[in-house]
Amino acid sequence: MITAERKPLEEIIAYVRPFDRILLVGCNECVTVCAAGGRKEVGILSSALQMAFLKQGKNLQVKEHTLERQCDPEYVEELSSMIDGADAVLSMACGCGVQEVARRYRDKPVFPAVNTTFMGASERQGVWAERCQGCGDCLLGITGGICPIARCSKQLLNGPCGGSTHGKCEISPDVDCAWQLIWDRLKALGLENRYEEIIPAKDWRTGRGGGPRKIIREDLAE
Amino acid sequence: MSFEKRLQSGEFVVLAEMNTPKGVDISRFMTDARRIKGRVDAAVIPDMDNGVMRMSALAGGVLAQQQGLEAIIHVYGRDRNRMALQGDLLAAHVLGIQNLIVVPGEDMANGDHRDAAVVDDLDEMGLLNAIAALQDGKDLAGFGLDGSPKFTVGCSLAPAADEKAMAAELAAAREKVAAGARFVVTPPVFDVDRFAEFAKQAESLKVPLIATIFLIKSVAVARYISFNEPGAHLSEEMIQRIRKSSDREMEGVKIAGETIAKLKQMAQGVLIQTMGWEHRLSAILDAAGM
């Protein structure tokens, strides 16, 4: 999922201060799962904002609405019946959702209420960790299902650096050494020989090296 | 007189672009440096021009200066993060480089290492601010330096296809000047009348304007620029002039020289891009009456 964290309230307040009527839009997908911008968080932020402005003697009107998927034009269209009643939109979706709303409603200021953080997985209740950087050329098939691009601090492709100690990364004892994980997994699978294979310098064209990326499926595109 | 002093005293400056070799054979680079020394005020050394991997501009600048030719080196953020950039800037100063031009990096997709990772840690403004900080005795993390560098820093303007784009470029240049750029290098000038209009608008920048002169080597190059760079305003008339000439290479030289002569009253200097034909530089300057 795409993970996110809510921005500090002060920053959000600064965005919406010039406006009287805010449309606060959540998303039912990733940001709901990582408890950053779903229906529940929309309600909490709405109350927090109204209280903060009330203290300053301002009655901020907040219309709350959570879309099924804010990165999808089909669902973003739902806002068309509410958009005229708002001076600005505050989005609790990831950056994709914020931009989709801004693209659809060009004359309306749209502000992000969360910081989109990474593509990750839930490690346990309340803990999410980075798993993928979307490099566009997946290596997981040769690294035992553990990504050295997303999970090795140095993005090393051919084994750990000297900072790997007792399975942990030198940047923090809380960070696993990706190459220790890869080795352990290859060993468990009986694929130790694969570790010896040299992975060549990565082709970053499929990542950001080639500029903003786009997928066009000729069989689906209209 | 140094490039900086000529700029300050309002003297017309003549710069020539010299690319470093793709490899370690520096014989041609050194020969060219010696050849143009004395005819130009300084050499501009691009870094990985057009995204093509070459010997670094820092090394090229130092080599040029070893031949007695003052150097101005390009710096940009595509290939180096703020650590590497700052480290190279300190190195540049101690190796005698006094002049920099902050430029945008060519898109990696247009270069010869298309699979390389793009860094882009600092953009042009970020880099200008880094240079200002270093000159002020601090690095970007706020730590004090043991001796601070000093540079004459310039910036570049991108080609603009229309008035709106030009206004945006000028606005960007204004910010770069505020961040420490003390001269501005324009894109190649083919239409002098248009340049005159632009120069008037650019007066508000209150820094010297250096016009780029691009040596047109062939009709094919002229057509390519005309087709792909609408902001260049390279006219069909100019293409035909080269096409009809009995010596097309010389015609390109004459056009470059004539353009320089006309620009003498409109800009404070020219940067001549000979695209590897440094041996033609003298002929261009002769044609310019310089």
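The values are calculated or read from the model by the stated rules, or taken from the named source; none is laboratory data. As the structure is a prediction and not an experimental result, all values here were calculated from the model. Positions of Cβ are backbone-derived with ideal geometry, glycine not excepted, and every protein chain shown enters the neighbour counts. Protein only, heavy atoms only, side chains kept; ligands, DNA and RNA dropped before computing areas. Shrake-Rupley method; radii C 1.70, N 1.55, O 1.52, S 1.80 Å.
Taking every C-alpha pair closer than 8 Å and separated by at least 6 residues, the mean separation divided by the residue count of segment A:2-118 gives a relative contact order of 36 percent.
For segment A:2-118, the dipole from Cβ point charges (+1 on Lys and Arg, -1 on Asp and Glu) about the Cα centre works out to 380 debye, to the nearest 20.
For peptide A:206-219, how many partner chain Cβ atoms fall within 10 Å of a residue's Cβ, on average?
Working: counts 1, 3, 4, 9, 6, 4, 0, 0, 0, 0, 0, 0, 0, 0.
That works out to 2 on average.
Under a GNM of chain B (C-alpha, springs under 10 Å), which listed residue has the highest mean-square fluctuation: B:V253, B:V189, B:V52? Of B:V253, B:V189, B:V52, the most mobile in the Gaussian network model is B:V52.
Take every Cα-Cα distance within segment A:133-206, group them into 10 Å bins from 0 onward, and report for each bin the whole-number percent of pairs it holds. Values per bin, smallest distances first: 21, 52, 26, 1.
Residue by residue, segment B:86-91 carries 3J(HN,Hα) couplings of 5, x, 5, 5, 5, 4 Hz when phi is fed to the Karplus relation 6.51 cos²θ - 1.76 cosθ + 1.60 (θ = phi - 60°); x denotes Gly or Pro.
In chain A, what percentage of the DSSP-assigned beta bridges are antiparallel, given to the nearest 5?
Working: 13 of 27 bridges.
The antiparallel proportion sits near 50 percent.
Here the relative contact order of chain B, from alpha carbon pairs under 8 Å that lie six or more residues apart, stands at 18 percent. Taking every protein chain into account, the 1.4 Å probe leaves B:S282 with about 40 Å² of accessible area, to the nearest ten.
For chain A, A:C27, A:C30, A:C34, A:C94, A:C132, A:C135, A:C138, A:C147, A:C152, A:C161, A:C169, A:C177 stand unpaired, since no other cysteine beta carbon lies under 4.7 Å from theirs.
Residue ranking by accessible heavy-atom surface, 1.4 Å probe, largest first, among A:R124, A:R104, B:R6 comes out as A:R124, A:R104, B:R6.
Do any of B:K5/B:K37; A:K7/A:K154; B:K150/B:K200 go past 19 Å between their Cα atoms, and which? It would help to have the intermediate numbers written out before the result.
Details: B:K5/B:K37 17 Å; A:K7/A:K154 28 Å; B:K150/B:K200 30 Å.
Those over the limit are A:K7/A:K154; B:K150/B:K200.
Shown is the FRET efficiency for B:D112 and A:S47, computed with R0 = 45 Å from the Cβ-Cβ distance and rounded to the nearest 0.05: 0.20. Rounded to the nearest 20, the Cβ-based charge dipole of the protein assembly as shown about its Cα centre (Lys and Arg +1, Asp and Glu -1) stands at 680 debye.
Summarising the overall dimensions of segment A:20-118 from its C-alpha atoms, the Rg and Dmax are 12.6, 38 angstrom. Candidate cross-link partners of A:K58 among the aspartates and glutamates, defined by an alpha-carbon separation under 20 Å and a same-chain spacing of 8 or more, comprise A:E10, A:E11, A:D20, A:D87. Dipole size of segment A:149-205 about its Cα centre, with +1 on Lys/Arg Cβ and -1 on Asp/Glu Cβ: approximately 160 debye, rounded to the nearest 20.
Taking a straight line from the alpha carbon of B:K254, these aspartates and glutamates sit under 12 Å away, with near neighbours fewer than eight places off in the same chain left out: B:D286.
Return the average number of partner chain Cβ atoms within 10 angstrom of each residue Cβ along peptide B:111-123.
Values: counts 0, 0, 2, 5, 11, 6, 10, 6, 0, 1, 0, 0, 0.
Mean shielding count: 3.
Among the GluC sites (Glu not before Pro) in segment A:111-211, those placed in a DSSP loop whose Cβ has at most 11 other Cβ atoms within 10 Å are A:E197.
Extents of segment B:58-190, largest first, come to 46, 34, 33 Å (Cα atoms, principal axes, whole angstrom). Candidate cross-link partners of A:K168 among the aspartates and glutamates, defined by an alpha-carbon separation under 16 Å and a same-chain spacing of 8 or more, comprise A:E130, A:D176, A:D184.
Take every Cα-Cα pair in segment A:1-55 and report what % of them are more than 15 Å apart. Within segment A:1-55, distances greater than 15 Å cover 48 percent of Cα pairs.
Residues whose amide H comes within less than 5 Å of that of A:V175, counting only those at least five positions distant or on another chain, are A:C169 (H built at 1.01 Å from N in the peptide plane). The residues of segment A:95-222 present an accessible area of 65 Å² per residue when probed at 1.4 Å with all protein chains retained.
Is the shape of segment A:117-171 rounded, prolate or oblate, going by the alpha carbon gyration tensor and its root eigenvalues a ≥ b ≥ c, with a/c under 1.5 for rounded and a/b larger than b/c for prolate? Intermediate results must be reported in sequence, preceding the final value.
Numbers: a/c = 1.89, a/b = 1.13, b/c = 1.67.
Oblate shape, in that a/c is at least 1.5 and b/c is the bigger or equal ratio.
Given a cut-off of under 8 Å on Cα pairs at least six residues apart, what relative contact order in percent is computed for segment B:204-290? RCO, segment B:204-290: 42 percent.
Overall shape: prolate for segment B:1-62, with the ratio a/c of the largest to smallest alpha carbon gyration tensor axis at 1.5 or above and a/b above b/c. Projecting the alpha carbon convex hull of chain B along each direction and taking the average yields 14.9 nm².
Determine the shape class of the protein assembly as shown: with a ≥ b ≥ c the square roots of the Cα gyration tensor eigenvalues, call it rounded for a/c under 1.5, and otherwise prolate if a/b is greater than b/c, oblate otherwise.
Values: a/c = 2.08, a/b = 1.56, b/c = 1.33.
Because a/c hits 1.5 or more and a/b exceeds b/c, the protein assembly as shown counts as prolate.
Per-residue surface analysis assigns A:M51 an accessible area of about 120 Å², computed on protein heavy atoms at 1.4 Å probe radius.
Sorting A:D219, B:D32, B:D136 by accessible area puts them as B:D136, A:D219, B:D32; the probe is 1.4 Å, largest comes first, and only protein heavy atoms count. Summed over both chains, the accessible area lost when A and B associate is about 500 Å², using a 1.4 Å probe. When you count the other C-beta atoms within 10 angstrom of each residue and take the mean per peptide, B:210-217, B:197-204, B:265-272 line up highest first as B:210-217, B:265-272, B:197-204. For the residues A:W183, A:W204, a 1.4 Å probe over the protein chains yields an accessible-area ranking, largest first, of A:W183, A:W204.
Using a probe of 1.4 Å, the accessible surface attributed to A:R103 totals some 110 Å² when neighbouring protein chains are kept in position.
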